[in-house]
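Let me begin by presenting the structure, written as structure tokens, before commenting on it.
The values are calculated or read from the model by the stated rules, or taken from the named source; none is laboratory data. Only a predicted model underlies this, so the values are computations on that prediction, with no experimental measurement involved. For accessibility, only protein heavy atoms count, side chains too; no ligands or nucleic acids. Shrake-Rupley method; radii C 1.70, N 1.55, O 1.52, S 1.80 Å.
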Amino acid sequence: PVAMSADLIWMLTKRHNAFLISKRDNCNKRSGLVLTSEPCNITSVHSFKYSGLANETAFGIDAVRETADAADANEDPSSKPVSVCFTRKAKSQVKPCKGVSKQSWKKGARALAKSAQAQVGKARPDLAKAAMAKATHIAKAIRVAKRG
């Protein structure tokens, strides 16, 4: 199997793929906002820069619940949410399922943002600011409020 160039993959998948989300306005016309639900897309914006399908190295950050068994994730409300970083490396472009690695982070907002910026900044410095913003947003979202 020969790997295709990133530009060719983007040309083939930019209009039709399973992850596209098109927003429509009241008149049932496109409003111009096209989002994506790719696992390795940091900003969820459908563009070549942020695409997890077309780029050789891609990163994504998401919040998931930590449980002992994956089947209990929906049933156990006491499980703590943690941030997970998805990374797709250039070596595994031919086999995309095997190329995604997951790394769990159990840190505070500042430490999470710093580690996200450090990991993404090595391979894709253009995405470092977006990774830091997404990590901060997720850390604030999963923070448990104090009862008083």
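Data overview
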{"quantity": "Accessible area of Leu8 in the full protein assembly, 1.4 Å probe (Å², nearest 10)", "calculated": "80 Å²"}
{"quantity": "Exceeding the 30 Å Cα-Cα cut-off - candidates Lys14/Lys102; Lys23/Lys134; Lys23/Lys140; Lys14/Lys106; Lys107/Lys129", "calculated": "Lys14/Lys106"}
